Amino acid sequence: MILEAKNIIYSYKSKRDTMVLKNVSVSFEEGKFYAIVGSSGSGKTTFLSLLAGLDNPVSGKVKYEGEDIQKKGLNYHRRHHISLVFQNYNLIDYLTAEENVKLGGENNATKLLREVGIPEEGWKRNVLQLSGGQQQRGAIARALASEAKVLLADEPSGNLDEDTAEEIIELLKKTAHELGKCVIVVTHSKQLADEADEVLEIQEGKLHKMTTK
Ligand SMILES: Nc1ncnc2c1ncn2[C@@H]1O[C@H](COP(=O)(O)OP(=O)(O)O)[C@@H](O)[C@H]1O
Ligand SMILES: [Mg+2]
């Protein structure tokens, strides 16, 4: 087990009377591809951001390798343990694909760009000149440039057509199975969830396991 949520309760400060997460506990392993599903507004992004150390739960803990992430600090957790991929790619729009990947870590940028399948002529291009699928590949390459063992992705194929989404799913799956990372993806896509080793559903603030392969 690499990452664990233990009895997480969460509500937003502006809306203390509405509990978004009501006692969520779950653990995640390296080398596995997880999908978190649930209707819009169910708390998927909220849960992912707590795993990422972007905020503290009202009560409960997030543990990394058995240690409460608050012990070394959320900043440390974000910097060393986690890499993030978003729906809108979040690349720096005045940099090239290669420069963006280097922001994730200085090593292997070109190797990673090749591995995620961005054609070589695109590496030195401003990221806005790449297709949506290529930009998301770039964002994944940037995430892989970090040494972090956990990759968190929020609706990574949400803006892509079906075929491109399929390719991104394959890439995330490979990241878990071949690179041994713990990959946790929030998704609306049934297609993506079907590919996961484990599917977790958030419903009314609770998290349930749906299938285990
Ligand atoms: N910054 C915020 N302040 C107050 N409420 C929020 C904030 N972000 C999200 N919420 C509320 O928390 C609930 C869960 O949101 P979210 O985690 O974004 O759901 P999902 O990602 O599953 O669509 C929703 O009711 C949403 O309106
Ligand atoms: Mg969301």
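The values are calculated or read from the model by the stated rules, or taken from the named source; none is laboratory data. Bear in mind the structure is a predicted one, so any value in this text is a computation, not a measurement. Cβ coordinates were reconstructed from backbone atoms using ideal geometry, including for glycine residues, and neighbour counts include every protein chain displayed. With ligands, DNA and RNA removed, areas are computed over all heavy atoms of the protein, side chains included. Shrake-Rupley method; radii C 1.70, N 1.55, O 1.52, S 1.80 Å.
At a glance:
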| item | result |
| --- | --- |
| Number of positions in the range 1-22 that are surrounded by 16 or more Cβ atoms within 10 Å (Cβ to Cβ), away from ligand 1 (no atom under 11 Å from the Cβ) and not charged (D, E, K, R) | 4 |
| Subset of the range 178-194 (residues that are modelled with pLDDT of 95 or more, over 14 Å from the mean Cα position of the chain (by Cα) and open to solvent by less than 90 Å² (accessible area, probe 1.4 Å)) | Gly180 |
| Number of positions in the range 131-164 that are over 15 Å from the mean Cα position of the chain (by Cα) and more than 14 Å from Asn90 (Cβ to Cβ) | 8 |
| Some residue of the range 151-167 being of a type in the set (Val, Ile, Thr), more than 16 Å from ligand 2 (Cβ to nearest atom) and crowded, with 21+ Cβ neighbours inside 10 Å | no |
| Residue within the range 31-54 that is farther than 17 Å from Thr187 by Cβ, within 16 Å of ligand 2 (Cβ to nearest atom) and either over 18 Å from the mean Cα position of the chain (by Cα) or touching a residue at least 24 places away in the same chain (Cβ under 8 Å) (or both) present | yes |
| Selection status of Ile36, within 16 Å of ligand 1 (Cβ to nearest atom) and touching a Lys or Arg at 6+ places or on another chain (Cβ under 6 Å) | yes |
| Complete set of residues in the range 202-213 that are surrounded by fewer than 18 Cβ atoms within 10 Å (Cβ to Cβ), assigned to a strand (DSSP E or B) and either basic (Lys, Arg) or modelled with pLDDT of 95 or more (or both) | Gln203, Lys206, His208, Lys209 |
| Test: Ser25 is within 16 Å of ligand 2 (Cβ to nearest atom) and either among the hydroxyl-bearing types (Ser, Thr, Tyr) or under 19 Å from the mean Cα position of the chain (by Cα) (or both) | no |
